[in-house]
1. Please go through segment 25-38 and give me each residue that is touching a helix residue (DSSP H, G or I) at 6+ places or on another chain (Cβ under 7 Å) and crowded, with 18+ Cβ neighbours inside 10 Å, ordered by number.
2. Restricting to segment 336-374, give me the number of residues that are touching a Gly at 6+ places or on another chain (Cβ under 6 Å), within 26 Å of H179 (Cα to Cα) and small (G, A, S).
3. Considering only segment 544-581, how many residues are in contact (Cβ under 8 Å) with a residue 40 or more places away in the chain, within 15 Å of I614 (Cβ to Cβ) and either aliphatic (A, V, I, L, M) or surrounded by 14 or more Cβ atoms within 10 Å (Cβ to Cβ) (or both)?
4. Within 18 Å of F134 (Cβ to Cβ), of a type in the set (V, I, T) and surrounded by fewer than 22 Cβ atoms within 10 Å (Cβ to Cβ): is that true of T99 in this structure?
5. Out of all the residues in segment 255-263, is one or more more than 22 Å from the chain's Cα centre (by Cα) and under 27 Å from Y307 (Cβ atoms)?
6. Out of everything in segment 307-335 that is out of contact with any Gly (no Cβ under 9 Å at 6 or more places or on another chain), assigned to a helix (DSSP H, G or I) and of a type in the set (D, E, K, R), what residue ends up being least open to solvent (accessible area, probe 1.4 Å)?
Amino acid sequence: MCGIVGFSGRFSRELLEKMNLKVSHRGPDDFGAYFIIDKGIGLAHRRLSIIDLSPLGHQPMWDSTNTVAIIFNGEIYNYLELRADLIARGCRFNSQSDTEVLLNLYLHDGEAMLPRLNGIFAFAIWDTRDDSLFIARDGLGVKPLYYAETPKGLLFASELKALLEEPDVDRSLNIQAVHYHMIYLWCPAPYTILNGVKKLEPGHAMVVKEGRVRRSWRYYDMPYDQPIEQLSEQTAISQVEDALREAVTRQMVADVPVGAFLSGGLDSSAVAAFAREASPGHKLQCFTIGFKDASARKEGMTEDLPYAQRVARHLDVDLHTIYVGPEMVGRLEEMIYHLDEPQADPAPLNALFISQLAREHGIKVLLSGAGGDDIFTGYRRHYALMQEKSWGWMPAPVRLGISKAARMLPHGIPWARRLSKAFQYANLNGDERIVSYFFWFSPEALENLYASRLRGTAAYSMPLLSSLANLPDDTQKLNRMLYLEGKHFLADHNLNYTDKMSMAAGVEVRVPLLDPDLVALAARLPVRFKQNGRVGKWVFKKAMEPYLPKDVIYRPKTGFGVPLRHWLRYELRPVVEDVLSKRSIEARGLFDAVGIQELIDNDRNGRVDGTYTIFSLICIELWCRIFLDRRGFSQ
């Protein structure tokens, strides 16, 4: 796990050094750079040593013939099998690193190497045979990669902030991306909030020559084009159990200690159970978070800590807890800086604090339960979608009436708020309705928040509808939603903040539930094995019954969150009044100060639930201050 930066074009060594410095937190153990002016190539690397801790793992790494060089961020979990195959084909190795395996696999198989990789990665390979850069990102998007095309050439980096070291990168705001951040709270790839910067999409690769993208393609997609397997319940349960065990065991490979997140929910508990099983003789170190005050309970959030403690006792693992409170809000600007994107979710702070705690205990690798809800179901919207069979057949005028009634429900009551969210888009049809489940605020209400020049310019559903067009027409509705979960909500939101916040602490996070074999298995299971009535992740829960207490397996779903509604009314109130003041809003020119103040008042009076929309406004403005106004953040 590392940080990579580089370019192809008319750039300088000084720029390469500045870019590498911007990602120094990602690799505190070593750094290296390669620059050749007549070829216009720069490659630089920051190393977090995980596999082969010796200097032989230094990057940029060249093959033994000095034909190709690589910079690589991530881990290849099946590198030992690939290494054995390459040795059988006559290849010799100087190190024990997975990086050298990648390098030699490219020499032998070229671009055809990509489907053979089981891992998390973003890498760039410089090939002197044709002066090309081969750049690729892993299939699920666990590792980030940004790039910018400028008149001088192309730059790329693990983090967006490194690209902004080049003055020629277009810093104008992507207005559609602003709309996406407002409606989804995150921005779907390949877009970012800047016109001049894009995300290389998960499962994509490109070839760059002389500073220009010559070719780009998708080599992997979420496998919902498979035929559904008609399995017995017991066969499905056994297959999930075996695939999960294999995924966790595969991802334990490391030359440093491996720990785990443990929230006490099913996903992290399942990963911890199999991690403990895979490491006999070593007591697994687990990490969690607890709240100092009662604000979470006042907001109706179920406290995770008692469940995490129960699982730790059950599995006989060590549990380390960091206790946090409202003082977390003081780290908001730091969070946005590390995220690179104005994601309106305070949960990344939890990931940061847990990662820092792990690092303090000498742990450089953590296993996460991220992804379970995205491949097996688990969110409320999955249950809501499956319930459409009871009303989706109604005539359009009736569904329109249901939609209007849902929008009139009081938002100050949790059950009414959830009911309103489930039915407020009942008037929509097909994929439009599936996409609407990802909306955090109604498009009509958002229009009142924009400055006049931005009103009527939003194409909110476009990127997700475009993604759904990749699927066969007969793909079941639940699988269509799960495709969007994995391709966008997971990659553009959860995995982005997991990577950025853990790497800010110098910790690598792995996600066994996103092992490609397990993802493929989940995709071809009948939907009734995933969402079975009110029970989400049904087959996953059944598979874990021999290993975990039932009250942990079947506990109500809780998010990895914080009491944001409470904070906005109290601890964050000064931030709201500053960042969303009339003067601030009018100076930025994106939003309407009157509309925003009306939203804030209505939210405080319980007439609407504008919590995350208000937070999104805050995050966008703070992002602009940090990255466009270059104010930095208070440390």
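The values are calculated or read from the model by the stated rules, or taken from the named source; none is laboratory data. Just so we're clear, the structure is a prediction, and the values are computed from it rather than from any experiment. Cβ: placed from backbone, ideal geometry, glycine included. Neighbour counts: every protein chain shown. Remember, those area values only see protein heavy atoms, side chains included, never the ligands or the DNA or RNA. Shrake-Rupley method; radii C 1.70, N 1.55, O 1.52, S 1.80 Å.
1. Taking segment 25-38 as the starting set, the residues that turn out to be touching a helix residue (DSSP H, G or I) at 6+ places or on another chain (Cβ under 7 Å) are 25-26, 31, 33, 35.
Across segment 25-38, the qualifying residues are R26, F31, A33, F35.
2. 1
3. Here the count works out to 13.
4. Values: within 18 Å of F134 (Cβ to Cβ): yes; of a type in the set (V, I, T): yes; surrounded by fewer than 22 Cβ atoms within 10 Å (Cβ to Cβ): no.
Criteria not met by T99.
5. Yes, because at least one residue in segment 255-263 is more than 22 Å from the chain's Cα centre (by Cα) and under 27 Å from Y307 (Cβ atoms).
6. Of everything passing the filter in segment 307-335, E334 is least open to solvent (accessible area, probe 1.4 Å).
Condition check ((1) surrounded by 16 or more Cβ atoms within 10 Å (Cβ to Cβ); (2) touching a residue at least 60 places away in the same chain (Cβ under 8 Å)) across all residues:
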| residue | (1), (2) |
| --- | --- |
| Y191 | yes, yes |
| N195 | yes, no |
| Y220 | yes, yes |
| Q226 | no, yes |
| E233 | no, yes |
| D242 | no, no |
| V248 | yes, yes |
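Yes/no per residue for (1) in contact (Cβ under 8 Å) with a residue 60 or more places away in the chain; (2) surrounded by fewer than 20 Cβ atoms within 10 Å (Cβ to Cβ); (3) touching a strand residue (DSSP E or B) at 6+ places or on another chain (Cβ under 8 Å); (4) closer than 26 Å to L154 by Cα:
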| residue | (1), (2), (3), (4) |
| --- | --- |
| K18 | yes, yes, no, yes |
| V23 | yes, no, yes, yes |
| G40 | yes, yes, yes, yes |
| A44 | no, no, yes, yes |
| T67 | yes, yes, yes, yes |
| H108 | no, yes, no, no |
